[in-house]
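S.K.: First, the structure itself, so that you have it in front of you.
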Amino acid sequence: MDKNKQQTIKSGLYLVSTPIGNMEDITLRALNVLKKSDIILCEDTRRSGKLLSYFQIKNKLYSYHKFNEKKVSSKITSFLKKDKVISLISDAGTPAISDPGMILVNKCIEENFNIYPIPGPSAVTSAVSISGFSDQYLFYGFLTKKENELDNVLKNLGNLNYTIVFFIPAPKINFYIMQFKKYFLGRKIVIAKEMTKIHEQFIRDKVELIKNSYENLKGELTVVISAQDKEKNIEKKINESVRIDIKKMLKKYSHKDVVGFISKKENLPKKMIYDFCLKLKK
């Protein structure tokens, strides 16, 4: 690249995307920005140190993670007031996307500092691109570990007819596969493991058929669930616990009230609940 044509690096905050595995995926622009940064914020100085060392970048690293994000963000704004060039990187991929950064970005917005995105590798778009699923997708990120909250989240997502992307900690994949089988029947799934690395692997199956026996996996997995198959869309059913609730409620409330309440609570079609109520009456 002609050095005269390189982008002028102005003061401000740069969100620099870094490789999700393969070092060669970093962009020339990202390298240029990192080399000219006064400070580089990172989640793990040891991990990011290896990346910078590989490209012979010796700028000073500052630790910036979810436990010190608020404190460090306040300190960084003082550097920005002095017209410094600050870069933020995550362990992999794009900062502030299911990674620290949002607090600092909002602080910069409030104080009117320049913010520049430096695009690059993304586990989300990489996984969607090889999935074979619709490119109309929703990215959710990391799911909650609490079962009650998780039930509500997946119940709502299960009613949306889009490709859905999750980040899953590898040791928890069996737990989440069991939850997916409750809410995504009739859909397909791709589990992307170690993308861009030597042992890259893509596990493909139908949600109801995929095994939940993956042991000793490490790191983070990117999981892609397909949209509903319009041709083979599985009809929703009223499960036994809901049937019991309906029977109990009909003893106290009108059909209309029961239909409205259960439909909203369980995300089920009103006609389905109404028809079930009629059968009970007969």
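The values are calculated or read from the model by the stated rules, or taken from the named source; none is laboratory data. No experiment lies behind these values; they were computed from the predicted model shown. Cβ: placed from backbone, ideal geometry, glycine included. Neighbour counts: every protein chain shown.
S.K.: Take residue 244 and decide whether it is part of a loop (DSSP other than H, G, I, E, B), surrounded by fewer than 19 Cβ atoms within 10 Å (Cβ to Cβ) and either free of Cβ contacts under 8 Å to residues at least 12 places away in the same chain or not assigned by TED's automatic domain parsing to the domain that holds residue 141 (or both). Even if it seems obvious, please write down each step before you answer.
M.R.: Details: part of a loop (DSSP other than H, G, I, E, B): no; surrounded by fewer than 19 Cβ atoms within 10 Å (Cβ to Cβ): yes; either free of Cβ contacts under 8 Å to residues at least 12 places away in the same chain or not assigned by TED's automatic domain parsing to the domain that holds residue 141 (or both): yes.
Taking the combined requirement at face value, the residue does not satisfy it.
S.K.: While we're looking at this one, here's another question. Does residue 202 count as touching a helix residue (DSSP H, G or I) at 6+ places or on another chain (Cβ under 9 Å), crowded, with 18+ Cβ neighbours inside 10 Å and touching a residue at least 40 places away in the same chain (Cβ under 8 Å)?
M.R.: No.
S.K.: Quick one: count up the residues across segment 150-186 that are assigned to a loop (DSSP other than H, G, I, E, B) and either modelled with pLDDT under 95 or not assigned by TED's automatic domain parsing to the domain that holds residue 214 (or both). Full working, then the answer.
M.R.: Looking only at segment 150-186, we keep the residues that are assigned to a loop (DSSP other than H, G, I, E, B), and these are 158-162, 184-186.
Right, trim to either modelled with pLDDT under 95 or not assigned by TED's automatic domain parsing to the domain that holds residue 214 (or both) and you get 158-161, 184-186.
Counting residues in segment 150-186 that are assigned to a loop (DSSP other than H, G, I, E, B) and either modelled with pLDDT under 95 or not assigned by TED's automatic domain parsing to the domain that holds residue 214 (or both) gives 7.
S.K.: Filter segment 8-32 down to the residues that are over 27 Å from residue 192 (Cβ atoms) and crowded, with 22+ Cβ neighbours inside 10 Å and list them by number.
M.R.: Just the residues of segment 8-32 that are over 27 Å from residue 192 (Cβ atoms), to begin with: 8-14, 32.
Those that are over 27 Å from residue 192 (Cβ atoms) and crowded, with 22+ Cβ neighbours inside 10 Å: 13, 14.
S.K.: Would you confirm, using the coordinates I've provided, whether residue 78 is touching a strand residue (DSSP E or B) at 6+ places or on another chain (Cβ under 7 Å), farther than 26 Å from residue 192 by Cα and of a type in the set (S, T, N, Q)? Walk me through it before giving the result.
M.R.: Details: touching a strand residue (DSSP E or B) at 6+ places or on another chain (Cβ under 7 Å): no; farther than 26 Å from residue 192 by Cα: yes; of a type in the set (S, T, N, Q): yes.
Here the answer is no, as residue 78 does not meet what is asked.
S.K.: Given the conditions (1) under 19 Å from residue 43 (Cβ atoms); (2) of a type outside the set (Asp, Glu); (3) part of a loop (DSSP other than H, G, I, E, B), and given that residue 107 satisfies all but one, which numbered condition is not satisfied?
M.R.: For residue 107, the failing item is (3).
S.K.: Of all residues in segment 80-102 being farther than 20 Å from residue 139 by Cα and surrounded by fewer than 17 Cβ atoms within 10 Å (Cβ to Cβ), which is farthest from the chain's Cα centre (by Cα)?
M.R.: 82
S.K.: Scanning for something over 24 Å from residue 23 (Cβ atoms) and assigned to a helix (DSSP H, G or I), does segment 190-205 turn up at least one residue?
M.R.: no
S.K.: Picking from 85, 128, 105, which residue would you name as being among the β-branched types (Val, Ile, Thr) and closer than 28 Å to residue 229 by Cβ?
M.R.: 128
S.K.: Ok, one more. Scan segment 64-96 for residues that are under 20 Å from residue 112 (Cα atoms) and not in a strand (DSSP E or B) and report the count.
M.R.: Filtering segment 64-96 down to residues under 20 Å from residue 112 (Cα atoms) leaves 69-88, 95-96.
Next, from what is left, pick out any that are not in a strand (DSSP E or B): 69-84, 95-96.
Qualifying residue count for the region: 18.
S.K.: Being in a helix (DSSP H, G or I), of a type in the set (A, V, I, L, M) and either exposed (fewer than 13 other Cβ atoms within 10 Å of the Cβ) or touching a strand residue (DSSP E or B) at 6+ places or on another chain (Cβ under 6 Å) (or both) is the filter here, so list the residues in segment 110-149 that pass it.
M.R.: 123, 124, 127, 128
For (1) in contact with a strand residue (DSSP E or B) (Cβ under 8 Å, 6 or more places away or on another chain); (2) within 21 Å of residue 157 (Cα to Cα), each residue gets a yes or a no:
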| site | (1), (2) |
| --- | --- |
| 202 | yes, no |
| 224 | yes, yes |
| 255 | no, no |
| 259 | no, no |
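S.K.: Considering segment 238-282 alone, what residues qualify as being in contact with a Gly (Cβ under 8 Å, 6 or more places away or on another chain) and at negative phi?
M.R.: Matches in segment 238-282: 270 only.
S.K.: So which residues in segment 212-241 are modelled with pLDDT under 90, surrounded by 11 or more Cβ atoms within 10 Å (Cβ to Cβ) and acidic (Asp, Glu), if there are any at all?
M.R.: If the condition is that a residue be modelled with pLDDT under 90, surrounded by 11 or more Cβ atoms within 10 Å (Cβ to Cβ) and acidic (Asp, Glu), then 229 is the only one that fits.
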